[in-house]
Amino acid sequence: MHQSSTRQYVWQFLNDYAFSLGIRIKIGTHTLRKTFGYHAFNNGVDLSLLVRIFNHSSQEITLRYIGITQEQVDDVYVNLDKVYHKISEFTSVLLGNEFNFYYYN
């Protein structure tokens, strides 16, 4: 007999399957939802799309929800700045100083 997919049934199914894999912590659908968002974001899914998927009112709420800290966001900008400077140095050497990227602080 097929059991309907109630919230309790899905929770039990997930935990039984996790247990069979050796996972000894309780896993809920909310855990899966947040984990999906975290991995989607880290694999390049646009943040605005995740905001829509989760029906959040802002990007900040979504970042907090999926466990991305402000420090991690800041690191992205710092790394982009480093990449810009390396590209700028490379093009200056390659093309001479008359060719330069515009950079705004």
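Each value in this text was obtained by applying a stated rule to the coordinates, not by laboratory testing. Quick caveat: nothing in here was measured; it's all calculated off a predicted structure. Quick reminder, even Gly has a Cβ in these numbers, built from the backbone with ideal geometry, and neighbours come from all protein chains shown.
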What is the sum of charges around ILE61, taking Lys and Arg as +1, Asp and Glu as -1, for the other residues whose C-beta is under 15 Å from the C-beta of ILE61? +3
Length added when fully stretched, VAL83-GLN70, from 0.36 nm per residue minus Cα-Cα: 2.7 nm
Using the Karplus curve 6.51 cos²θ - 1.76 cosθ + 1.60 with θ = phi - 60°, what ³J(HN,Hα) values do you get for each residue of segment 13-20, in whole Hz, with x for Gly and Pro? 4, 4, 6, 5, 5, 4, 4, 5
What whole-number distance in Å separates the alpha-carbon centres of segment 49-70 and segment 8-39? 21
